[in-house]
1. The conditions are (1) within 22 Å of THR464 (Cα to Cα); (2) in contact with a strand residue (DSSP E or B) (Cβ under 6 Å, 6 or more places away or on another chain); (3) open to solvent by less than 10 Å² (accessible area, probe 1.4 Å), and LEU542 fails exactly one of them. Which is it?
2. Might you let me know whether the stretch 562-571 holds any residue that is of a type outside the set (Gly, Ala, Ser) and in contact with a Gly (Cβ under 9 Å, 6 or more places away or on another chain)?
3. Keeping to the stretch 207-246, report how many residues are in a helix (DSSP H, G or I), open to solvent by less than 80 Å² (accessible area, probe 1.4 Å) and in contact (Cβ under 8 Å) with a residue 24 or more places away in the chain.
4. Count, please, the residues in the stretch 454-501 that happen to be assigned to a loop (DSSP other than H, G, I, E, B) and either aliphatic (A, V, I, L, M) or under 37 Å from the mean Cα position of the chain (by Cα) (or both).
5. When the residues of the stretch 329-365 are filtered to those that are touching a helix residue (DSSP H, G or I) at 6+ places or on another chain (Cβ under 9 Å) and part of a loop (DSSP other than H, G, I, E, B), which remaining residue is modelled with the lowest pLDDT?
6. Which of the residues spanning the stretch 152-180 are of a type in the set (A, V, I, L, M), within 30 Å of SER124 (Cβ to Cβ) and either in contact with a Lys or Arg (Cβ under 8 Å, 6 or more places away or on another chain) or open to solvent by less than 20 Å² (accessible area, probe 1.4 Å) (or both)?
7. Read through the list (1) at pLDDT 95 or above; (2) surrounded by fewer than 21 Cβ atoms within 10 Å (Cβ to Cβ), then give the number of the only condition that ARG289 fails.
Amino acid sequence: MKQLKISRQLPETPGSRCFETGSAPLFRMRRMIQRLIRCVSLILPSLHGRRIISTSGMLFLIALVSTGMISHAVGQSTNPASESDDLFLFRPDTPSRQVRGAILAQRLDRPGLAAGYLTDLLNSQPSSEQLLALRREFGIGQFVRLSAIKELQPVAGELLSAINDATKQNQPDESQVMTLISELGQSPKRTTDAALQILAAGDNAIGPLVMADASTESGRIAQEILKRNARRFRSGLVEMLPDSDPATQTRIVELLSQTADTEIALDLIPYQFSENAELAAAATTAVQRLNSNTQSAGSKKDAVRLLLARVDELLSTARSSDTSNQNADESVQTDAATRQLQRAAALARAAVLLAPEDTNALAAQIVSETAEQTTPFRWPENLGTTTAENNTIPSEAHTQALRLALHLNQTDAICGLLSRNVAGNALQDNAELLRTCLTHSDCRVRLLAAGHAATAEIKHLVRTSILNTVHGAVKPEAVVIDSRKNAAAGTAAELSDLGYTGQATVTGKAGFDAASEQLCCELILVHANCLHWSLSETVANLRKDFRTQAVPIVIYGTKTDSVSTQHIRTNYPQMWFVEEPVSAATLPGIMKLEGMPAARLTNEDRIRMIAYSRTLLNSIEGP
């Protein structure tokens with residue numbers, strides 16, 4: 001019998017034209033139906049030849065399936081909640097699916113779709129239970145990674161905050177954890193539920209878990225929960241360690257040895273020298289297990305050296321005032337710096353406990369604690385008034401602390417130390433240290449040092465710092481260097497629209513003089529073809545002078561200038577290029593995109609510094 005041939009294309013009908021002119025979902029549905037018919041055309045002829053299905057039945061089956069799919073697609077397309085997009089046939093409509101969709105879209109480099117799915121999730125106003133379920137399913141790390149993607153802001157950050165808020169609201173306190181521990185072992189369901197709530201309590205669960213009586217069934221299970229989740233609880237265990245008795249300290253050290261966190265090895269080094277032999281042995285084993293590459297601390301001196309080396313690293317990287325940029329959230333930067341400084345202070349205190357007479361350890365403690373208290377540094381309101389200070393610390397320790405802060409260029413700590421009355425003795429007794437402060441790249445350090453100065457040999461440096469501040473502007477200061485007079489004035493006007501006090505100059509030397517005489521120049525714009533000091537001479541002099549060496553410099557010009565100035569920009573730090581014309585409408589976006597540093601001083605800082613400098617000037621020259 002001659003087999004029936006089925007066309008692999010849909011017949012052209014008025015209805016079929018809607019697939020070509022209609023929406024994207026219907027067009028994709030047409031393609032799906034075509035694929036279905038191709039498959040049917042391969043299978044049904046053999047069934048028809050074997051008389052399993054008749055010709056009319058076969059055609060009816062095709063029509064039924066096609067019509068059903070079309071009607072389903074048309075019906076779905078009218079439902080906004082199930083609207084199709086470029087990634088899914090039906091848009092995700094549950095919190096779990098929306099998060100999965102966002103993750104998939106981001107991996108496929110579709111950040112717009114990913115942000116859309118997360119927006120749908122937030123717009124649905126998920127409950128705390130739903131947010132906690134998302135955290136259990138995906139882990140908090142996944143939401144942290146999403147929030148770190150610039151294209152997904154601000155929605156990814158809002159989702160992370162919502163999950164964290166839901167977590168905090170549902171955290172049991174210590175008394176509730178103790179009640180939950182008593183539920184362990186009662187039944188499989190009650191044990192599972194109690195264990196999940198204990199883990200959700202975070203650090204609130206550490207104390208009750210550590211103190212649980214292992215001789216009871218509930219205590220044994222509690223100890224097992226703590227052992228299996230030691231890495232989760234490691235920060236709280238480290239905090240609990242100093243105030244515990246030797247037996248508990250030994251147990252905590254053994255738990256921490258299983259966390260695979262190399263940083264914790266430093267916290268355990270001091271316990272290697274404990275008078276309790278069991279604790280000392282446990283600490284030695286834990287340090288070797290956590291970080292086999294760490295040099296062995298055979299003595300307290302070696303231990304102090306290892307701890308102070310790590311303190312120096314943390315202080316060097318936690319410089320929020322110098323490294324902050326407009327492309328990052330200020331609160332996020334400050335929080336990161338604060339965590340590093342807290343860590344540095346903890347390690348420095350541990351070093352001091354091991355060697356109370358070690359001046360270097362004491363200096364490291366002073367610097368790290370000062371930076372922790374003053375980051376980010378804001379100019380004090382009543383600077384110069386006599387305040388109660390800790391006089392139990394030797395003056396040589398303060399001097400050594402200031403030397404260390406200057407060596408690490410920890411500006412927040414330098415300013416914090418200089419704002420204390422005790423710094424006056426250190427500076428007046430050491431002319432070299434005073435000169436270093438008076439020639440520092442940060443204007444706050446220079447003015448603070450000038451307030452303590454009394455050495456005639458460097459009076460010109462003191463006077464310069466004071467006068468520059470007295471005549472400073474309340475708004476952020478900027479300089480434009482452009483040999484085209486009208487263009488320089490126009491660019492300075494654009495900066496004024498952005499809130500700067502813009503000063504226009506037409507030669508490289510004039511621009512250098514203007515920037516170096518300001519209270520604190522925050523931005524320098526240089527045209528690629530500036531004259532009377534060429535571009536290279538201008539940049540070299542700006543970077544050589546201590547007053548302008550840290551100021552961001554933006555070269556502007558044509559696309560050709562971008563290529564010709566590449567060598568200069570790579571030879572010096574803090575250099576950028578933008579195409580002209582410089583506009584108030586576009587410059588902020590470019591500055592943020594390029595990660596240019598934000599202004600170091602607030603308007604309030606400037607007002608207080610100007611008032612303080614006037615007081616100093618009156619004390620030097622009289623009313």
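1. The failed condition is (2).
2. Yes, some residue in the stretch 562-571 is of a type outside the set (Gly, Ala, Ser) and in contact with a Gly (Cβ under 9 Å, 6 or more places away or on another chain).
3. Here the count works out to 17.
4. 11
5. Here the residue is ASP329.
6. Within the stretch 152-180, LEU152, VAL155, ALA156, LEU159, ILE163, ALA166 meet the criteria.
7. Condition not satisfied by ARG289: (1).
Matching residues to (1) over 30 Å from LEU113 (Cβ atoms); (2) modelled with pLDDT of 90 or more; (3) touching a helix residue (DSSP H, G or I) at 6+ places or on another chain (Cβ under 7 Å); (4) not polar (S, T, N, Q):
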{"residue": "ILE149", "(1), (2), (3), (4)": "no, yes, yes, yes"}
{"residue": "GLN169", "(1), (2), (3), (4)": "yes, no, yes, no"}
{"residue": "PRO172", "(1), (2), (3), (4)": "yes, no, yes, yes"}
{"residue": "SER175", "(1), (2), (3), (4)": "yes, yes, no, no"}
{"residue": "LEU180", "(1), (2), (3), (4)": "yes, yes, yes, yes"}
{"residue": "PRO188", "(1), (2), (3), (4)": "yes, yes, no, yes"}
{"residue": "ASP193", "(1), (2), (3), (4)": "yes, no, no, yes"}
{"residue": "ILE198", "(1), (2), (3), (4)": "yes, yes, yes, yes"}
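The values are calculated or read from the model by the stated rules, or taken from the named source; none is laboratory data. Only a predicted model underlies this, so the values are computations on that prediction, with no experimental measurement involved. Please note: Cβ atoms are built from the backbone with ideal geometry, for glycine as well, and neighbour counts cover all protein chains shown. Protein only, heavy atoms only, side chains kept; ligands, DNA and RNA dropped before computing areas. Shrake-Rupley method; radii C 1.70, N 1.55, O 1.52, S 1.80 Å.
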